Amino acid sequence: MNKKSVVLLSGGLDSVVSLASAEDMNYNPKLALTFDYGQKSFEQEYKSSKLLSDYYKLEHKVIKLDWLKEISTSALTDRMDIPVVDENQLDDKEKSEKSAKAVWVANRNGLFVNIAASIAEAQGYTHIIIGVNKEEGITFKDNTKAFIDFENRALEYSTNSCVQVIAPMIDKNKKEIVEIGIKLNIPFKYIYSCYQNNEKHCGVCESCLRLKRALKLNNRIDIIKELF
């Protein structure tokens, strides 16, 4: 099979390392999709995903989903504050679940995959690359292998070409994802994993803290200083 992939690219660590891994695994990524669903961080996500698309020589498209913000109640899109957590509480399942509930956007990953599948089938792409991972799968059920397996089963029926979803980081935690990113020489200076919309990562939201912890565990204080 001649593989050709669509990448779901938010600009965050997981999506970038998944992109680089897909390239390394010969999934031939050609198109990056970035979704604008009214999230607070969209401006920075767009800048990051555009820089990364240019770096990896991908076509880049933004898909606007204004209605998703209208129907969702989430700290990512509403005026409510983004949850602030303590780094020492990242492995506290109860506190992580509370934070996850606050930032949940209704059926977001399911919607993204199905939009990407429509584009993939119509334009001859064989695979969709998504950055879901084991660490966040503990509290986000749409970051699990079960989610990917169910999506692929559904796509066998909803696409004639049987487009398939590939999640290169599905069995990795953030420390391991950073390790892979270092090995694949990703441009860490371009990533944006924060829930806020600042030039630098805020350093206090859960997404920032997971990235920062993973970088510390890899002894990459230089990258922390650059991003935070």
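Bear in mind these aren't lab numbers, they're just calculated from the coordinates by the rules spelled out. As the structure is a computational prediction, the values presented were derived from the model and not from experiment. All Cβ positions, glycine included, derive from the backbone under ideal geometry; neighbour counts span all protein chains shown.
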Residues of segment 1-54 that turn out to be part of a loop (DSSP other than H, G, I, E, B) and more than 22 Å from Asn107 (Cα to Cα), as a count: 8
Answer with yes or no whether Lys61 is in contact (Cβ under 8 Å) with a residue 24 or more places away in the chain, under 19 Å from Asn197 (Cα atoms) and not hydroxyl-bearing (Ser, Thr, Tyr). no
Output the number of residues of segment 168-225 satisfying the condition of being of a type in the set (Val, Ile, Thr) and more than 17 Å from the chain's Cα centre (by Cα). 5
From the list Ile148, Ile170, Ile166, Ile130, which one is closer than 19 Å to Val113 by Cβ, in contact with a Lys or Arg (Cβ under 7 Å, 6 or more places away or on another chain) and not aromatic (Phe, Trp, Tyr)? Ile170
For segment 104-120, name all the residues that are buried (at least 19 other Cβ atoms within 10 Å of the Cβ) and of a type in the set (Val, Ile, Thr). Val105, Val113
Here is a check on your reading of the model: is Ser161 touching a helix residue (DSSP H, G or I) at 6+ places or on another chain (Cβ under 7 Å) and either outside any helix (DSSP H, G or I) or not aromatic (Phe, Trp, Tyr) (or both)? yes
Report yes if Val17 is in contact (Cβ under 8 Å) with a residue 60 or more places away in the chain, buried (at least 17 other Cβ atoms within 10 Å of the Cβ) and not polar (S, T, N, Q), otherwise no. yes
Out of all the residues in segment 65-85, which are within 20 Å of Lys212 (Cβ to Cβ) and free of Cβ contacts under 8 Å to residues at least 24 places away in the same chain? Asp81
Quick check on segment 137-153. Is at least one of its residues surrounded by fewer than 18 Cβ atoms within 10 Å (Cβ to Cβ), touching a residue at least 40 places away in the same chain (Cβ under 8 Å), under 22 Å from Ser99 (Cβ atoms) and not basic (Lys, Arg)? yes
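Which count do you get for residues in segment 173-228 that are charged (D, E, K, R), part of a loop (DSSP other than H, G, I, E, B) and within 10 Å of Leu13 (Cβ to Cβ)?
Going through segment 173-228 one residue at a time, the tally reaches 0.
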Taking the stated definitions as given, is Gly131 in contact (Cβ under 8 Å) with a residue 12 or more places away in the chain and touching a Pro at 6+ places or on another chain (Cβ under 9 Å)? yes
